[in-house]
Amino acid sequence: MTGRALARADTPAAADALCARGRPLAGATDLLVHGLDGVRGELVDLTAIHDPRPPVERLADGRVRVSATAPISAIARSPEPVPVALTDAIAQFASPQIRNRATLGGNIANGSPAADLVPPLVVTDAVLGVRGADGRRSVPVGEMLAGPGRTTLRPGEWIEYADLAPVPHSGFRKLGYRRALAVAVVSLAWSWSPGSPRSGTEPGGAVALHDVRLAAGAVAPTVVRCPRAEAALNTLDATCVDTAATAVHDDIAPIDDLRASAWYRADALAGLVRELAPAATRQLREGDTAQP
Amino acid sequence: MTRETTQGTSRAPAHTGVVGRSLPADDAAAIVAGDLEYVTDRRVDGMLHGAVHRSAHPHARIVSVDTARAASEPGVVAVLTAGDVPCNQLGTDSENGAVLAGDVVRQVGEAIALVAAADPETARRAADLIEVGYEPLPVVDGPDSPAPVTVHPRGNVAGTLTFESGDVATALSSSDLVVDVDTTTSAQEHVAIETPGGMAEWDLGKITVWCGSQNPGLHRKLVAHALRLNLDDVRLVSNPVGGAFGSRNDDPAPVYLALLAWHTTRPVHLHLSRRETIVAGPKRHPYRTRVRLGFDRAGTLRAIDSRAVADTGPYVTAGRNVLKTSAELSSGPYAAPNARFDGTVAYSNNANAGAFRGFGAPQVAFALETAVSEAAVELGLDPVQIRRANLTRPGDAHSLYGHTVSRSLRASQTLDAAAAHPWWRDRDAWAAGSAGPWRRGTGIAMAIKGVGMGSGKGDTARARLIVSATGTVNIWAGPNHTGQAIGTAYRQIAADTLGIDHDRIRVHVGDSELVPESGATAASRSMYAGGSAVHQVCGRLRAVLDEPGVDTGASFDDVAAHLVASGRAEYEAEFVLPDVDDIGRIPPEALADYAPHAVYGCSAQVVRLEVNTLTGEIRLHGVVCAVDAGVAVNPGATVGQAEGGVAQGVGFALFEEYRLDAGVPVTTSLENYLIPTAMDVPPIETVLVTGHENTGPFGAKGMSEVVVVPTAPAIAAAVGSATGFWPRHLPMTPERVRAGLSAMSGEGTSERSGRRSAAERARTRARPENMSAEPAEGAS
Ligand SMILES: Cc1cc2nc3c(=O)[nH]c(=O)nc-3n(C[C@H](O)[C@H](O)[C@H](O)COP(=O)(O)OP(=O)(O)OC[C@H]3O[C@@H](n4cnc5c(N)ncnc54)[C@H](O)[C@@H]3O)c2cc1C
């Protein structure tokens, strides 16, 4: 690392200018681990941007704007709530030390299919605020993901924030091979709304669901939505969940690697889909008591 | 806890005993504050830095080694290859391996060249510039490898051990129930926090090596042998070291250091990276173990039939002794009228396997305890009851060898102590709380492990004592301290033997120049062997103090001055570990070949956990660890050993698996070789069982290995009780558990993937009818 220049951007505009010839660096929890051998130009420290705004803000349209350069522990601590899927994912992310450094922007830009913060962004229809010397653009998170280690960020661009749509119920579950500091073998974020206006409970007792979104990690070249499984999940009865758990196999393209076989990834994801039933029922119950 | 007081009158009424008290470790404050200087922290002016060039191939002939570019790098002082080693062998025969490979490499990571340079970066760069030409050879990737070559000219069998008592075949065929369990256990990495390394200096014809070692005596011999030096010209300072667990038993780092310092005549520092340590360092021997147990209907054990195949990698260091331990412990704590063991240690081009806490016990215990637990289910018996009914009783004959087992064995009390814990007693209520996919279960398992090197080995520890005129008692003793704070326990033993305050006592360990040869920090022997030597040397001084007129009741300062003045201030003693009283069925001339133990430590453990039947995840909720250590000289340190052992057992059970693909390592960092984190280790409740080993210091015996052993089978039994699926392969990864559950429920596992699941592969590997690991025929 000798002789490596680190430029501190203290304003977003300064970051735009510096990123035109350098490489953004935030928590450095990926970049330093992967090594700087292939990295050209200087490093632009995005964590030095002086930002008077809090890491999470509620926008006028009801969405929440989450900083892409703040440490994710600050997002979890924020008084302004973010969707549960995101706080769940932060809670299951690495370890406290890493959470005090790692950022949302780095997690997205790193392009890992196992990135823990991406599935929550996908199920909340997040739109990323991307900028650079050539101006700003809004990119839906799904369009950002291009493949393992690849995104559609253009040279000189950096991610400033993500705007998340409000969702009544959401969550995230990571399956790692240990309880901390482990890469996800499979992960699943979900969001949904109650299907009927009152309690979501149909006359037969089955729970009706509306606008179900599932996003799975580490089962395809990028984090993916699972439209077939989503379509099957109209109610939370056993048949529906069975159908969704079977259908999810066709939503994904897992591979064998060091951590797990493709068979297990698919099987475990189906397991996480089955687990949704009790999770959703519980949320509904708790949601009901919270709302008079 | 019972405590035996030493003979003689108590000379200092003011002294209250410290044996049985949890004194903090001598170095504790310095360790916690980061002040302790470990061997790899050592720096001196003008020192050089070493680096190792290692093999990229699992098996290849070396056709060329070109060091020209490396040697011409500015700052490089020496580049050493096989021809530069005066005697290029790490042990007494070629199957122990070369210091630096010259003709053939037999594993990835094998050392080929050493570099010394002005700074570590230059040394590393130069080592990478060394060009080695290889002619690849077929790879022997395990005991079942079909490769038409052998790892060594003599074949792929490094050793075998067979023994039978009674008539196992007949007993099995007449048993009411035969349980047949075929298991595999993984190559486990020690993950000592400090990676190997240190410093060496060559001065006036003598070499001094500062490098972590569990066996300074052996390391001195290896260095003297490689450099053709007189043993007296080799000094090894082997601590402070940041952990060992067996990995510092025959680690070659001291030899590399010595070689570099000897060639350059300058101090040389070397510190291996984690990756090098994982790739080139020793592992726990991966085993395949098949156990068949015969029971009668009432649950009485009729026969134990155990077969084990161990993969020792390319060189045999501890392998044959590991197999010896497996043989002795293949019957565990149980009494059976018929017992057989048939074991093989095989060479391969996989990771070199060596000593690891438990030393052959965890592998066979996993199979045996799983079989006992399954037998309990089959017979409708309580898992505690079936164990209790079949335990070897103190003073009984050992099932396999028939030697007498020490009267201090408290196997039944240890089992009862574990089973008395609410986590066992309330297991039904625990199971009833299962919710959704998370099924709750509870398991129990137990083990014994011999203390010391075993009978016929002349296992000895020594101590030297000098009283200073200022009233300090200095004691030089071994075995060495490798993280367990044995020096603190030696002080406690010395203080109570002498009846003086422990603050007056200084214990020195780990310097071969000063400490008399005391053998390895291994085989759970430090407390028992070293503690006994300390007890004896203090006993000599104590006898003098008890002579009329020596201890006048004055302060110890005056007594000490008098001892020095009268030339009675220096003492030496040795403790030879007693052999078994009766060697049973072992032919007297072969006693050392089987090396049975009289003294065993014992542990029984209870595990409560949850298994997610949808994903195969396991969450541990608690481990009870009951330990029979005789008298715990330092209960706090004993509990520390127990908790560390359970954590390592959890790793072995659930996470740790060093994997290779055709001899090429794939889990080469702690990112993909997972060990438990603080989040993965559940609350551990250690119960110290009251006991007393008459031949040990103040009644103590060893316990540091046995605590690793029951964890995996107790976890497996808990998984079995939660789900009905009985794991046979370690580690029990979520994938293996899930594959097992889906196979049990008849779900298809592989229709969606071209690849079979890990559990299926492991199942296919397990071919019970083909257990013999004959050497592969053909070219060598
Ligand atoms: C011990 C450890 C444990 C980990 N555990 C997890 C885990 O549980 N789950 C998980 O998902 N990840 C994990 N990671 C990976 C890593 O922490 C995350 O991906 C993290 O979010 C990266 O953020 P960062 O700010 O540190 O990125 P950096 O390392 O600073 O950057 C990563 C990449 O993103 C680019 N970049 C950074 N910020 C921006 C931006 N705002 N706009 C555009 N490009 C940017 C950089 O140029 C670089 O290419 C772990 C890493 C470590 C070291």
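Check whether at least one residue in the stretch A:35-53 is within 14 Å of chain B (Cβ to nearest Cβ), within 12 Å of the ligand (Cβ to nearest atom) and over 17 Å from A:Ile108 (Cα atoms), and report yes or no. The answer is yes, given that some residue of the stretch A:35-53 is within 14 Å of chain B (Cβ to nearest Cβ), within 12 Å of the ligand (Cβ to nearest atom) and over 17 Å from A:Ile108 (Cα atoms).
Looking only at the stretch B:36-56, residues that are without any contact (Cβ under 8 Å) to a residue 60 or more places away in the chain and buried (at least 19 other Cβ atoms within 10 Å of the Cβ) come to 0 in all. Of the listed requirements (1) part of a strand (DSSP E or B); (2) farther than 30 Å from B:Phe245 by Cβ, B:Glu378 misses just one: (1).
Among the residues of the stretch B:176-187, those that are touching a Leu at 6+ places or on another chain (Cβ under 9 Å) and either open to solvent by 20 Å² or more (accessible area, probe 1.4 Å) or not small (Gly, Ala, Ser) (or both) comprise B:Asp176, B:Leu177, B:Val178, B:Val179, B:Asp180, B:Val181, B:Thr183, B:Thr184, B:Thr185. For the stretch A:138-154, the tally of residues that are over 16 Å from the mean Cα position of the chain (by Cα) and either away from the ligand (no atom under 13 Å from the Cβ) or touching a residue at least 24 places away in the same chain (Cβ under 8 Å) (or both) stands at 2.
Taking the stretch A:2-34 on its own, how many of its residues are within 12 Å of the ligand (Cβ to nearest atom), touching a strand residue (DSSP E or B) at 6+ places or on another chain (Cβ under 9 Å), of a type outside the set (Gly, Ala, Ser) and assigned to a loop (DSSP other than H, G, I, E, B)? Of the residues in the stretch A:2-34, 1 are within 12 Å of the ligand (Cβ to nearest atom), touching a strand residue (DSSP E or B) at 6+ places or on another chain (Cβ under 9 Å), of a type outside the set (Gly, Ala, Ser) and assigned to a loop (DSSP other than H, G, I, E, B).
Exactly one residue out of B:Gly159, B:Gly142 is under 28 Å from the mean Cα position of the chain (by Cα) and part of a loop (DSSP other than H, G, I, E, B), and it is B:Gly142. From (1) over 29 Å from B:Leu674 (Cα atoms); (2) modelled with pLDDT of 95 or more; (3) near the ligand (Cβ under 8 Å from one of its atoms), pick out the condition that doesn't hold for A:Glu57. It is condition (3) that A:Glu57 fails.
Answer yes if at least one residue in the stretch B:592-600 is open to solvent by 10 Å² or more (accessible area, probe 1.4 Å) and without any contact (Cβ under 8 Å) to a residue 40 or more places away in the chain, and no otherwise. No; the residues of the stretch B:592-600 include none that is open to solvent by 10 Å² or more (accessible area, probe 1.4 Å) and without any contact (Cβ under 8 Å) to a residue 40 or more places away in the chain. When every residue of the stretch A:25-46 is checked against the conditions, at least one turns out to be open to solvent by less than 20 Å² (accessible area, probe 1.4 Å), without any contact (Cβ under 8 Å) to a residue 24 or more places away in the chain and either over 18 Å from A:Val130 (Cα atoms) or in contact with a Pro (Cβ under 9 Å, 6 or more places away or on another chain) (or both).
The residue that is nearest to B:Gly622 (Cα to Cα), among those in the stretch B:422-447 that are under 29 Å from the mean Cα position of the chain (by Cα) and open to solvent by 10 Å² or more (accessible area, probe 1.4 Å), is B:Trp423. Number of residues in the stretch B:527-556 that are under 42 Å from the mean Cα position of the chain (by Cα) and open to solvent by 10 Å² or more (accessible area, probe 1.4 Å): the value is 10.
Take the residues in the stretch A:93-107 that are within 6 Å of the ligand (Cβ to nearest atom) and small (Gly, Ala, Ser); name whichever of them is nearest to the other protein chains (Cβ to nearest Cβ). In this case the residue turns out to be A:Ala94.
Quick grid of which residues meet (1) assigned to a strand (DSSP E or B); (2) in contact with a Lys or Arg (Cβ under 8 Å, 6 or more places away or on another chain); (3) over 21 Å from B:Met47 (Cα atoms):
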| site | (1), (2), (3) |
| --- | --- |
| B:Arg125 | no, no, no |
| B:Val179 | yes, yes, yes |
| B:Lys221 | no, no, yes |
| B:Ala224 | no, no, yes |
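For the stretch B:159-170, taking the residues that are open to solvent by 10 Å² or more (accessible area, probe 1.4 Å) and of a type in the set (Gly, Ala, Ser), the one that is nearest to B:Gly281 (Cα to Cα) is identified as B:Gly159. Apart from one condition, B:Arg307 fits all of (1) crowded, with 24+ Cβ neighbours inside 10 Å; (2) within 30 Å of B:Glu656 (Cβ to Cβ); the exception is (1). A single member of B:Glu201, B:Glu121 is open to solvent by 30 Å² or more (accessible area, probe 1.4 Å), in a helix (DSSP H, G or I) and out of contact with any Asp or Glu (no Cβ under 8 Å at 6 or more places or on another chain), and it is B:Glu121. On the given criteria, is B:Arg608 in contact with a His (Cβ under 6 Å, 6 or more places away or on another chain) and in a strand (DSSP E or B)? Answer is yes for this residue. So, in the stretch B:615-642, how many residues would count as being within 21 Å of the chain's Cα centre (by Cα) and within 14 Å of chain A (Cβ to nearest Cβ)? Qualifying residue count, the stretch B:615-642: 0. For the stretch B:57-77, filtering for residues that are buried (at least 19 other Cβ atoms within 10 Å of the Cβ) and touching a helix residue (DSSP H, G or I) at 6+ places or on another chain (Cβ under 9 Å) leaves 6. Looking at the structure I just gave you, is A:Ile90 near the ligand (Cβ under 7 Å from one of its atoms), of a type outside the set (Phe, Trp, Tyr) and either at pLDDT below 95 or within 23 Å of B:Asp680 (Cα to Cα) (or both)? When the stated conditions are applied, A:Ile90 does not pass them. Counting only strands (runs of 3 or more DSSP E) wholly contained in the stretch B:263-317, the ones carrying 2 or more residues that are over 29 Å from B:Val105 (Cα atoms) occupy B:287-295, B:301-313.
None of B:Asn239, B:Asn249 is at pLDDT below 95 and more than 25 Å from B:Asp93 (Cβ to Cβ) except B:Asn239. Every test in (1) over 14 Å from the mean Cα position of the chain (by Cα); (2) surrounded by fewer than 20 Cβ atoms within 10 Å (Cβ to Cβ); (3) under 26 Å from A:Arg21 (Cβ atoms); (4) more than 7 Å from the ligand (Cβ to nearest atom) is passed by A:Ala70 save one, and that test is (2). From the list B:Ala187, B:Ala192, the lone residue that is of a type outside the set (Val, Ile, Thr), out of contact with any Ser or Thr (no Cβ under 6 Å at 6 or more places or on another chain) and part of a loop (DSSP other than H, G, I, E, B) is B:Ala187.
The values are calculated or read from the model by the stated rules, or taken from the named source; none is laboratory data. Since this is a predicted model, take the numbers as computed values, not measurements. As a convention, Cβ positions derive from the backbone with ideal geometry for all residues, glycine included, and neighbour counts pool all protein chains shown. Heavy atoms of the whole protein, side chains included, go into the accessibility calculation; ligands, DNA and RNA do not. Shrake-Rupley method; radii C 1.70, N 1.55, O 1.52, S 1.80 Å.
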